[in-house]
Amino acid sequence: MRIDVVTIFPPLLAGAFEHSIIKRARERGIVDIHVHDLRDYTADRHRTVDDYPYGGGAGMVMKPEPWFRAVEALRVAGNPGCAILLTPQGKRLDQGLVQQLAAEDRLILLCGRYEGVDERVREHLVDKEVSVGDYVLSGGEPAAAVLVDAVVRLQPGALGSSESIVEESFAAGLLEYPQYTRPPEFRGWRVPDVLLSGDHGAIDRWRRERQIERTRVRRPDLLADIDDVSETTA
Ligand code: 9D3
């Protein structure tokens with residue numbers, strides 16, 4: 001998969017893709033990531049990317065021309081790619097959308113800034129608009145970093161065998177069970193006896209129960225989508 005990110009702050013993203021799983025996936029050739037400066041696609045001497053809003057109002061709006069020049073330059077023949085605008089108005093990112101995007105051959109991510117982006121970019125350039133949640137960021141860059149991380153780890157071969165197991169419970173819509181490591185007692189707080197028992201059937205049941213209980217208390221919205229939980233709890 002190839003991912004291009006267009007931003008007016010490339011340094012905000014550069015480091016985000018140089019560590020851990022994303023770094024390894026790039027080294028293995030599983031994903032090819034490029035960060036581009038939107039100002040490189042301006043045509044004026046001042047490399048202008050924003051302007052005053054028609055109709056007045058506070059703040060600046062990102063001009064359409066640099067976005068069209070950038071995306072059209074990146075969309076090389078035969079492989080248009082899915083252009084995604086990161087915006088608070090977009091569809092909220094969840095694991096289902098991540099899976100959909102992970103199946104694309106090519107993503108072009110547009111990071112907005114200022115008070116917004118000229119509407120013609122949404123209407124005539126981008127294929128999708130994505131938000132990462134209901135809180136206010138200063139721009140699309142942290143959102144792009146989140147999207148890239150979630151998508152890259154789903155690429156075949158990106159994870160080691162021990163890492164991939166962790167994906168299952170979230171994909172199944174449950175939160176994780178509590179985890180412990182040594183020592184068996186720390187400041188008087190003991191690891192639950194069942195985990196030290198060696199009874200793997202009992203351990204599996206205990207973990208499943210904790211997952212369901214924790215999901216019910218913290219994220220009841222997740223349970224609504226699951227069928228097989230009622231069987232386990234019945
Ligand atoms: C406070 C300004 N808001 C009212 C006029 C609009 C607004 C514009 C631009 C709010 C935030 C931003 C910058 N955020 C993003 O570009 C963004 C974002 C986010 O803020 N939250 C969650 N996901 C995303 S994706 C891009």
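The values are calculated or read from the model by the stated rules, or taken from the named source; none is laboratory data. Model, not experiment: these values are computed from the prediction. In this analysis, Cβ positions are derived from the backbone assuming ideal geometry, glycine residues included, and neighbour counts consider all displayed protein chains.
Looking across the stretch 16-60, the residues that are polar (S, T, N, Q) and assigned to a loop (DSSP other than H, G, I, E, B) come down to THR42, THR48.
Residue-wise test of (1) at pLDDT 95 or above; (2) farther than 22 Å from HIS34 by Cβ.
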{"residue": "GLU141", "(1), (2)": "yes, no"}
{"residue": "VAL146", "(1), (2)": "yes, no"}
{"residue": "PRO156", "(1), (2)": "yes, no"}
{"residue": "GLU163", "(1), (2)": "no, yes"}
{"residue": "GLU168", "(1), (2)": "no, yes"}
{"residue": "ALA172", "(1), (2)": "no, yes"}
{"residue": "GLU176", "(1), (2)": "yes, yes"}
{"residue": "GLN179", "(1), (2)": "yes, yes"}
{"residue": "GLU185", "(1), (2)": "yes, yes"}
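Apart from one condition, PRO178 fits all of (1) assigned to a loop (DSSP other than H, G, I, E, B); (2) in contact with an Asp or Glu (Cβ under 8 Å, 6 or more places away or on another chain); the exception is (2).
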